[in-house]
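Reviewing the structure listed below.
The values are calculated or read from the model by the stated rules, or taken from the named source; none is laboratory data. As the structure is a prediction and not an experimental result, all values here were calculated from the model. Cβ coordinates were reconstructed from backbone atoms using ideal geometry, including for glycine residues, and neighbour counts include every protein chain displayed. Only protein heavy atoms, including side chains, enter the accessible area calculation; ligands, DNA and RNA are left aside. Shrake-Rupley method; radii C 1.70, N 1.55, O 1.52, S 1.80 Å.
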Amino acid sequence: QVHLEESGGGLVQAGGSLRLSCAASGRIVSPYSIAWFRQAPGKERDFVAVLRWSDGSIYYADSVKGRFTISRDTAKNTVYLQMSGLKPEDTAVYYCAAGPVYSTAPTRYHYWGKGTQVTVSS
């Protein structure tokens, strides 16, 4: 079983920054990837970014490319999402997920955190 816990959400003004953390614990079997998704009220859960643990490969959604950065601390089994240039449309609950594939599809991920709210005011 893998446990994921997000932290770092909050309220920020447009143009501001936040850093989300996803701490992973439990029996994590390689190969696997950690991804960030987000879900706004009344909308589907959308892919944000993914990091493949074995080689550090990274992929971003076009909507966040150049503004968000995914990174990791291997010693802490933690993945970060540094968000800059935030826009009101970035407002959502942000989830981290772990799975055996390097994918943008939420259905490919087996383990999910409970999410952290990010609210960007205009």
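A few notes on this one:
- Among the residues of the range 76-91, some residue qualifies, meaning at least one is basic (Lys, Arg) and closer than 14 Å to LEU18 by Cβ.
- Selection from the range 28-57 of residues that are open to solvent by 70 Å² or more (accessible area, probe 1.4 Å), on the phi < 0 side of the Ramachandran plot and free of Cβ contacts under 8 Å to residues at least 60 places away in the same chain: SER30, PRO41, LYS43, GLU44, ASP46, ARG52, SER54, ASP55
- Residues (surrounded by fewer than 18 Cβ atoms within 10 Å (Cβ to Cβ) and either in contact with a His (Cβ under 7 Å, 6 or more places away or on another chain) or not basic (Lys, Arg) (or both)) located in the range 81-93: GLN82, SER84, GLY85, PRO88, GLU89
- Residues of the range 94-115 that turn out to be surrounded by fewer than 20 Cβ atoms within 10 Å (Cβ to Cβ) and hydroxyl-bearing (Ser, Thr, Tyr), as a count: 5
- Only one entry of THR119, THR74 meets the criterion of being without any contact (Cβ under 8 Å) to a residue 40 or more places away in the chain and surrounded by fewer than 19 Cβ atoms within 10 Å (Cβ to Cβ), and that entry is THR74.
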